[in-house]
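So the structure is just underneath, and the comments pick up after that.
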Amino acid sequence: MADDIRYLAPIQIETKKDKYCWFKKAGIKYVDYKDADFLLRFVNEQGKLLPRRVTGTSVKFQKKVGQAVKRSRHLALMPYVTDMMK
Amino acid sequence: MTNRYETVFILTPVLSEDQAKETVKKFTAYISNGGAKIHHEENWGLKKLAYPIQKKSTGFYYLVEFEAEPTLIASLETEFIRDERVMRFLTVKMDKDHVAFAEKRRNKSKKTA
């Protein structure tokens, strides 16, 4: 008698997708606050900064992204508060 | 000791093209009279703001890149505050990565133009 459980379909084991720092990979050293379209990928639909655990950005560049977004908001290139930005 | 700075300022859309040009000239003259060397100027034209400032939804954007003594910045900023035509301004000290990026950006825009 077979004790082991048998599945009809192979079970889906969740494999973690490797996150990496986008800036390190692309070799970008400076985050531009003038390019609002680029910064859009680091904020959510409400225009809030996304955490590092979501985007995978390294500490060094997360700081720079934060700074750039804040500057961009000051110059009205990005909104402080909004809905349905993307 | 001089540093590289980059300033972006927004003028009210109430101004006509000529008035806006005149205001820009005033500030670039102020910068160069203060013993600074202007490296680059860029006119972004009338742009839509992401949120209203002083109940206006558009503004003239202008960017100036220059090399100046740190003491000039404080006086330049008071000049910006005093001028009613300026809605917003931002002055940033450029580090070496920023300078490299700005030069690259300039070359790229030159190629497409």
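Derivation of every value follows stated rules applied to the coordinates shown; laboratory data play no part. Small disclaimer: the values here were computed from a predicted structure and weren't measured. With ideal geometry, Cβ positions are generated from the backbone for all residues, glycine too; neighbour counts draw on all protein chains shown.
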(request) Quick one: compute the contact order of chain A, relative version, from alpha carbon pairs under 8 angstrom and 6+ residues apart, as a percent. (result) 33 percent
(message) What aspartates and glutamates does B:Lys110 reach when the alpha-carbon gap must be under 14 Å and sequence neighbours fewer than 8 apart in one chain are set aside?
(response) B:Glu41, B:Glu42
(message) Under a crude label model (7 Å from the Cα following the beta-carbon direction), how far is B:Lys25 from A:Gln67 in nanometres?
(response) 3.7 nm
(request) Please pull out the direction-averaged projected area of chain A, using the convex hull of its alpha-carbon atoms, in nm² to one decimal place. (result) 9.1 nm²
(request) Treat each spin label as a single point 7 Å out from the Cα along the C-beta direction, and report the B:Ser16 to B:Lys111 distance in nm. (result) 4.1 nm
(request) Would you mind giving the three semi-axes, in whole Å and largest first, of the ellipsoid equivalent to segment B:3-112 according to its Cα gyration tensor? (result) 23, 18, 13
(message) Per-residue Cβ counts within 10 Å, from other chains only, averaged over A:51-64: what number is that?
(response) 0
(request) First obtain the Kirkwood hydrodynamic radius of the protein assembly as shown from its Cα pairs, then insert it into the Stokes-Einstein equation at 37 °C and 0.692 mPa s, and state the resulting D in µm² per second as a whole number. (result) 168 µm²/s
(request) Could you tell me how many degrees, from 0 to 90 and to the nearest 10, lie between the Cα long axis of helix A:59-74 and the main elongation axis, the longest principal axis, of the Cα atoms of chain A? (result) 50 degrees
(message) If I stretch the segment between B:Glu42 and B:Ile81 completely, what's the gain in nm (0.36 nm per residue apart, minus their alpha carbon distance), one decimal?
(response) 11.9 nm
(request) Would you compute, from DSSP H runs of 4+ residues alone, the mean residue ellipticity of chain A at 222 nm, taking -39500 (n - 2.57) per run and dividing by the full residue count, rounded to the nearest 500? (result) -8500 deg cm²/dmol
